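Encoded as C-alpha cells, the structure appears first; notes follow it.
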Amino acid sequence: MSLRLRLVVYLVLLHVGLAGLVLVALAGRPRWWIFAAEGALALSVAVGILLLLRLFTAGRLPDDAARLLEDSDFTSRLRAVGEPALDRLVSVYNQLADRLRHERVRLQEQHYFLGELLAQSPSGILVLDYDGRIASASPAAVRLIGRGEAELIGLRPGDLEGPLGRALAAAEPGRPDVAVLGGGRRIRCSRGRFIDTGFPRVFYVLDELTEELRQAEKAAYEKLIRMVSHEVNNTVGATASLLDSCLRYASQLREGDRADFETAIGVVIGRTEQLNHFVRAFADVVRLPQPRREPHDVGAIVVSVARLLAPECERRAIRWQWQMEADLIFPVDAAQIEQALLNVCRNAVEAIDRDGTITVRSWRRDGRSTLVIEDSGPGIPEDIRTQLFTPFFTTKPHGQGIGLTLVREILDRHGFTHDLAGPPGGPTRFSISLWGQV
C-alpha cells in the first residue's frame, strides 16, 4: 500500500471515528451542538483534503522528474509548489535540465561537424570497435582501400589483403607505415587511440602520398637532369670540336701511327656521342610536351607496336593473343601513347625472354574502358615491386631506369590511371583505364 493511500485511509478512519465519538458524546444535548460538531468535522475534512492535495502535488515531483529524465526530455520544466525545500529542488532540476539540453545540442552539432569533416576529408579514417574490428570507414578510406564499407565492417585491419593490410598491422602510434600498392601508389597508415565511455579504442588514418611523392621526385630528377644535361652538352660540344680538329692532323703522322691515332679518336668520338644520346634520353622525359589530343584508336596503336616488335618476338618464340571486346577510340597524342605502349610491350617481351605469350585485352564497364597487356613471364619479385616507377631504378644490365617513369608521365598527362601487378610466378598485367570525350 502506497503512502498516499495510507494517508487517505488514515484521514477517513480518523474522521469516521471522531464522528462516532461526537454522536455518543452529544447524545441528549441540544441539536445545535451536533450541527456545530458536524461543521467542525466538515472543516477538518476540507483542511485534510487540501493538505493531501498539496502533498500529492509535491509528491509527484520525483515521478515527473524521473519520467522526464527517462524520456531524455530536457525541454520541459518543473513548476514550483510553494514549499521552500521542494522549490529549491525544482530550481536545481531545471538548471540541470538546461545544462543537459545545451550539452546534448553541443554534442549533436559536434557529431554532425565530425561526420561532415570525415566525409569531406581526403584522408581515409578507419575506426575500430572495442574488439579491434572495423566499426566504420569514411568515404575516403573506402576509395583508398577499394572495398565497400559493408565489406569492411567486422574485419580486422590485418585481414585486408596485400601491402595495405600488412602496413595497418605494423603501424604503431607515432610510427606510421607506408604501403606500396600497384602502379607505384603509396599510402601512409597512421594509428591512434581515443577514449570512448572510459575504454580505449583505436583508429587509423590513411593518407595518399602517391601524387605528393611523385611531384617531389619529379622536381628532384628534373633539376638533376637539367644540371647534368647542361654540363654534359657543354663538355661534349667542346670535346667533339677538339676531336674533329685532332683528326685533321692524322695526315701529318707517320703511316704506322696514323691508323692507331684515327681508331683511338674514333672510339672517343663514338663514346662521346653515346654519352650525349644517353643524357638526351633523360632530358626527353623532362621536356615531354603537353599531349596534342586527337581521336585515335588506341587498340590500333597497340597492333602497330606489336608489328614493330614482331621480328624480335619471332626470334624469341613469343606469341600474341588478342581479346579486344571494346573499341578504344579516345582523344590522345598518338606519338606519346605509342611511345608509352612500346615501353610496356618491350618490358613484357624482355620479362618473358623466350617461349611465352603476350595477351592484350580490352573491355568497357561503367562508362570506362580498360586496356590490359599481360605477359606470361615470372612475375615481379617482392623486393623489386616497391621500386617500380622510381626514376633511375632498373634491373636491366644496360637500362637507364626511365622507361616506366616516361610511361607514367605520359599516362598521367592524358588523365589515364594505370596499375602494374605481377605476383611471383606471374602473370604480369599492366592495366590502363581510359576515359574522355572523343
Going through the stretch 61-109 one residue at a time, which ones are polar (S, T, N, Q) and either under 30 Å from Leu50 (Cα atoms) or modelled with pLDDT of 80 or more (or both)? Ser76, Ser91, Asn94, Gln95, Gln108
Given (1) out of contact with any strand residue (DSSP E or B) (no Cβ under 6 Å at 6 or more places or on another chain); (2) assigned to a helix (DSSP H, G or I); (3) not basic (Lys, Arg), identify the lone condition not met by Ala80. (2)
Collect the residues in the stretch 334-369 that are among the small types (Gly, Ala, Ser) and either part of a helix (DSSP H, G or I) or within 33 Å of the chain's Cα centre (by Cα) (or both), keeping them in residue-number order. Ala334, Ala335, Ala340, Ala348, Ala351, Ser362, Gly367, Ser369
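Each row is one residue, and each column tells you yes or no for (1) in contact with a strand residue (DSSP E or B) (Cβ under 9 Å, 6 or more places away or on another chain); (2) farther than 13 Å from Cys313 by Cβ; (3) buried (at least 17 other Cβ atoms within 10 Å of the Cβ).
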residue	(1), (2), (3)
Ala340	yes, yes, yes
Asn343	no, yes, yes
Arg346	no, no, no
Val349	yes, no, yes
Arg354	yes, no, no
Thr370	yes, yes, yes
Gly377	yes, yes, yes
Taking interchain pairs and intrachain pairs at least six residues apart, which have beta carbon atoms under 9 angstrom, with the first residue in the stretch 112-131 and surrounded by fewer than 14 Cβ atoms within 10 Å (Cβ to Cβ) and the second assigned to a helix (DSSP H, G or I)? Ala119/Pro139; Ala119/Ala140; Gln120/Pro139; Gln120/Ala140; Pro122/Ala140
How about the stretch 140-157: which of its residues are touching a helix residue (DSSP H, G or I) at 6+ places or on another chain (Cβ under 6 Å) and farther than 15 Å from Ala169 by Cα? Val142, Glu149
Applying the selection to the stretch 163-176, what residues are exposed (fewer than 14 other Cβ atoms within 10 Å of the Cβ) and either polar (S, T, N, Q) or over 18 Å from Arg201 (Cβ atoms) (or both)? Arg175
Go through the stretch 343-373 residue by residue and tally those that are in contact with a helix residue (DSSP H, G or I) (Cβ under 7 Å, 6 or more places away or on another chain), more than 20 Å from Thr417 (Cα to Cα) and either among the polar types (S, T, N, Q) or outside the structural domain of Gly425 (by TED's automatic domain parsing) (or both). 0
Got a sec? Which of Glu217, Glu208, Glu231 is of a type outside the set (A, V, I, L, M, F, W, C), within 28 Å of Arg429 (Cβ to Cβ) and modelled with pLDDT under 75? Glu217
Residue within the stretch 129-144 that is polar (S, T, N, Q) and closer than 17 Å to Val205 by Cα present: yes
Picking from Arg429, Arg413, the residue that is at pLDDT 65 or above, surrounded by 14 or more Cβ atoms within 10 Å (Cβ to Cβ), within 25 Å of the chain's Cα centre (by Cα) and more than 24 Å from Trp320 (Cα to Cα) would be Arg413
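The values are calculated or read from the model by the stated rules, or taken from the named source; none is laboratory data. For clarity, every value in this text was computed on a predicted model and none was experimentally measured. Neighbour counts run over all protein chains shown; Cβ positions are idealised from the backbone, glycine included.
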